[in-house]
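The values are calculated or read from the model by the stated rules, or taken from the named source; none is laboratory data. These numbers come from a predicted model, not from an experiment. Cβ: placed from backbone, ideal geometry, glycine included. Neighbour counts: every protein chain shown.
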Amino acid sequence: MRTVDPFGAEGDQAGAGPPQRSGLLDLLSVAAVLLDAEGRIVLWSPQAEELFGYTSQEALGQYAARLLVDEQNLDLMMRLFAEVMKTGQGWAGAFSVRHKDGSSRLVEFRNMRLSDDRGDFYALGIATDEATLRQVERDVALSMRLVSQSPIGLAVLDTDLRYVAVNPALARINGVTAEEHLGRPVREALPFLEVDAIEAALRHVLTSGEPLIDQHSVGRTPADPENDHAWSASYYRLDGPGGRVLGVAIVLVDVTDRHRARQRLALIADGSARIGTTLDVEQTARELADVAVPEVADIAAVDVLDSVLDDRQPTAPGAGRALFRALAVKAAYPTEAVRAADPAGHLASYGAERLATQCVRTGRPILIPHVGERDLARIARDAEAAAILARAGVHSYLLTPLIARGEVLGTLGLTRARNPLPFDNDDLTLAGELADRTAVCIDNARLYQGARNTAVTLQRSLLPDLPPQQAGLEVASRYRPAGTTIEVGGDWFDVIPLTEDKTALVVGDVMGSGISAATTMGRLRTATSTLADLDLPPTELLHHLDKITAGLEQYATCAYAVYDPHRALCHIAVAGHLPPVLMRAGEPPELLDLPTGAPLGVGGVAFEVTTFGLAPGDQLVLYTDGLVETRHHAIDERLDLLLQLLHGPDRSSEETCDRLLDALRDPDDHDDVAVLIARARRWPRP
């Protein structure tokens with residue numbers, strides 16, 4: 001570990017304050033003993049009293065050899081003393097001495113000859129306990145060895161925050177030699193780092209004495225100027241045994257691998273939240289591309305086998321060609337490389353030599369860290385696309401299959417051009433995680449879409465065709481299935497011609513959803529049509545429907561109206577259904593005040609009929625609850641909104657239907673809806 005004398009720092013120069021005592025000499029308890037030319041003790045320090053046990057009164061004037069040396073070592077001691085006094089050459093080493101308590105102990109000596117102004121010679125002995133000295137030596141040696149060989153970066157800064165010691169590991173991490181650190185503040189030695197934050201942390205520790213542990217930072221150093229690294233730094237104040245503040249120690253660990261692992265986990269978590277937000281195949285593919293760029297790749301492309309999108313079981317190609325449908329392409333920055341990818345919606349047939357075909361055929365990822373000319377020919381769709389990728393600087397490529405429930409659905413293709421790093425196995429693992437999660441979402445969306453298409457087809461088959469224009473009426477209708485469920489609903493409408501130019505208008509809603517509700521809806525529609533042919537009054541017809549519904553162990557609401565164009569009258573009865581809206585020319589729309597009645601299926605409940613005039617130009621709006629009911633608004637608020645939407649300039653019935661659905665329906669609504677609007681027209685009386 002390279003060091004510099006901390007007392008050479010500006011803050012420790014003369015005039016900066018009284019010198020402070022070092023705790024190291026106190027730890028060693030160095031004794032001083034002075035002998036005259038005859039070997040008598042003439043000076044005896046307090047530390048000598050502690051080391052040898054004799055007070056100064058007991059030691060001064062005594063011959064040191066007789067006082068301190070055992071008989072068997074006396075001759076050796078005398079020879080050494082004589083040699084030092086004669087030659088002036090010092091002597092150093094360990095020597096066994098006798099303590100006052102009679103025990104022997106090994107003492108480390110440094111002996112030297114001194115002379116005064118009269119030419120007299122003296123022998124000065126500096127001594128300390130050998131065991132204590134060896135322990136300090138071992139501690140220092142161990143510390144130096146650990147510091148110099150540690151893979152952790154270590155540094156010591158003085159109280160002016162200048163480097164006084166730097167180990168090799170820190171020099172390697174910073175890309176700056178130890179010599180270039182020493183004597184310099186952080187700002188001068190490491191100007192490429194966020195020095196303001198580092199210096200603020202160091203000053204805080206120096207002032208407060210509170211350590212700062214595991215301070216994370218990300219940056220680049222001359223050791224690896226092309227790539228970001230992450231470090232964990234801890235700062236500790238160094239205090240001497242006497243409480244003297246010596247400086248600050250820095251412990252620095254390169255945690256780049258851990259940082260990147262956390263980034264990958266965070267990206268996977270982000271992907272889990274952002275991918276699969278809807279049951280839409282194309283949207284799910286776009287979400288995958290958005291997550292992958294730019295965190296993983298500069299360009300991402302998502303392609304699926306065409307069989308995935310046409311309700312067929314996805315099948316990986318054999319030895320021949322594969323038919324792909326491009327779903328999404330995303331780039332981190334404007335680049336012509338996007339033109340080399342198939343645009344979203346494009347259908348392409350790839351030969352067996354293409355990497356995409358091999359990927360879906362084997363179900364295994366393909367990693368090309370360094371792309372060559374031959375690789376581009378297998379990545380791109382043709383020679384022109386390969387040339388585009390080359391010009392764009394594409395240098396690394398990764399392709400991973402989209403696999404769900406054991407079936408290969410397509411591929412996720414990733415390329416790097418501006419990002420200088422090649423793809424590695426960690427990137428391959430990360431891309432595989434994102435692809436696996438996305439594949440399940442795509443498969444769910446695919447299955448949902450197929451089932452929903454079937455459900456909607458079934459539901460529409462149970463509804464009438466566009467209602468014919470009846471005597472004295474202009475009719476418009478709409479049906480919209482639920483937006484977030486594949487189950488069919490039980491809403492229906494009907495327009496039934498009756499005798500004497502009359503017309504029956506029906507809107508109903510079977511409670512619940514699924515095949516059971518759809519089946520009940522079909523039966524009630526058929527029953528309503530049959531009963532209407534008998535020209536039954538609305539109350540009697542609802543009475544019969546009530547018994548039929550009760551026999552099916554179901555419940556339903558219904559509004560049944562009969563319009564007579566010859567009398568310009570409308571007779572209506574409802575069974576637990578929301579009130580229709582009456583729109584008269586030149587007047588604001590109003591909800592009809594009708595006896596609500598009980599839903600069909602309750603049994604034994606009487607229904608009431610209401611009669612009102614319906615003059616030419618007047619409109620009657622019938623609807624199911626899916627038009628106005630939501631989970632977040634009161635029904636009164638929604639009914640008021642319905643009236644506001646119907647108010648205003650005169651529109652055709654078709655325009656009104658679209659206006660209501662656009663304003664009141666959300667694509668994610670959980671209920672289907674039926675709307676039926678009848679406008680009275682002039683009709684000649686018989």
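Tabulated data
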quantity	calculated
Filter result for L238 (out of contact with any helix residue (DSSP H, G or I) (no Cβ under 8 Å at 6 or more places or on another chain) and exposed (fewer than 15 other Cβ atoms within 10 Å of the Cβ))	no
Number of the exception - I366 against (1) at pLDDT 95 or above; (2) touching a Gly at 6+ places or on another chain (Cβ under 9 Å); (3) buried (at least 20 other Cβ atoms within 10 Å of the Cβ)	(2)
Flag for T596 being on the phi < 0 side of the Ramachandran plot, in contact with a Lys or Arg (Cβ under 8 Å, 6 or more places away or on another chain) and free of Cβ contacts under 8 Å to residues at least 40 places away in the same chain	no
Enumeration of residues in segment 183-207 that are more than 14 Å from G247 (Cα to Cα) and of a type in the set (A, V, I, L, M)	A189, L190, L193, V195, A197, I198, A200
Subset of segment 515-561 [crowded, with 19+ Cβ neighbours inside 10 Å, out of contact with any Gly (no Cβ under 8 Å at 6 or more places or on another chain) and of a type in the set (G, A, S)]	A532, A561
Residue pairs meeting the criteria (Cβ under 7 Å; at least 6 apart or on separate chains; first in the same structural domain as Q47 (by TED's automatic domain parsing) and under 11 Å from V30 (Cβ atoms), in segment 121-144; second at pLDDT below 80 and in a strand (DSSP E or B))	none
Any strands (runs of 3 or more DSSP E) falling wholly within segment 571-628 and containing at least 3 residues that are closer than 13 Å to L505 by Cβ and at pLDDT 95 or above	619-623
Candidate set from segment 254-288 (those that are buried (at least 17 other Cβ atoms within 10 Å of the Cβ) and aliphatic (A, V, I, L, M)); member that is nearest to H216 (Cα to Cα)	V255
R264 assigned to a helix (DSSP H, G or I), touching a Ser or Thr at 6+ places or on another chain (Cβ under 9 Å) and on the phi < 0 side of the Ramachandran plot	yes
From the options I198, I213, residue that is surrounded by 13 or more Cβ atoms within 10 Å (Cβ to Cβ) and not in a loop (DSSP other than H, G, I, E, B)	I198
Residue that is surrounded by the fewest Cβ atoms within 10 Å (Cβ to Cβ) [pool: residues in segment 562-581 that are more than 14 Å from D593 (Cα to Cα) and touching a helix residue (DSSP H, G or I) at 6+ places or on another chain (Cβ under 8 Å)]	H566
Filtered residues of segment 61-77 (kept if without any contact (Cβ under 8 Å) to a residue 24 or more places away in the chain and either in a helix (DSSP H, G or I) or surrounded by 14 or more Cβ atoms within 10 Å (Cβ to Cβ) (or both))	Q62, R66, E71, Q72, N73, L74, D75, L76, M77
Hits in segment 153-187 - residues which are more than 16 Å from V248 (Cα to Cα) and out of contact with any Lys or Arg (no Cβ under 9 Å at 6 or more places or on another chain)	A169, R172, I173, N174, G175, V176, E180
Residue that is nearest to G351 (Cα to Cα) [pool: residues in segment 313-327 that are at pLDDT 85 or above and among the aliphatic types (A, V, I, L, M)]	A322
Every pair of residues 6+ apart whose Cβ atoms lie under 8 Å, when the first sits in segment 281-309 and is closer than 20 Å to A332 by Cβ while the second is among the charged types (D, E, K, R) and assigned to a loop (DSSP other than H, G, I, E, B)	D298/R418; A301/D342; D303/D342
Residue satisfying all of: in segment 394-438; among the small types (G, A, S) and surrounded by 16 or more Cβ atoms within 10 Å (Cβ to Cβ); nearest to R262 (Cα to Cα) among these	A431
Identity of the residue in segment 227-247, outside any strand (DSSP E or B) and under 18 Å from A171 (Cα atoms), that ends up modelled with the lowest pLDDT	N227
Only listed residue being at pLDDT 90 or above and part of a loop (DSSP other than H, G, I, E, B), chosen from L545, L536	L536
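For every residue, the table says whether it meets (1) surrounded by fewer than 18 Cβ atoms within 10 Å (Cβ to Cβ); (2) at pLDDT 80 or above.
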position: R118; (1), (2): yes, yes
position: L124; (1), (2): yes, yes
position: A127; (1), (2): no, yes
position: M144; (1), (2): yes, no
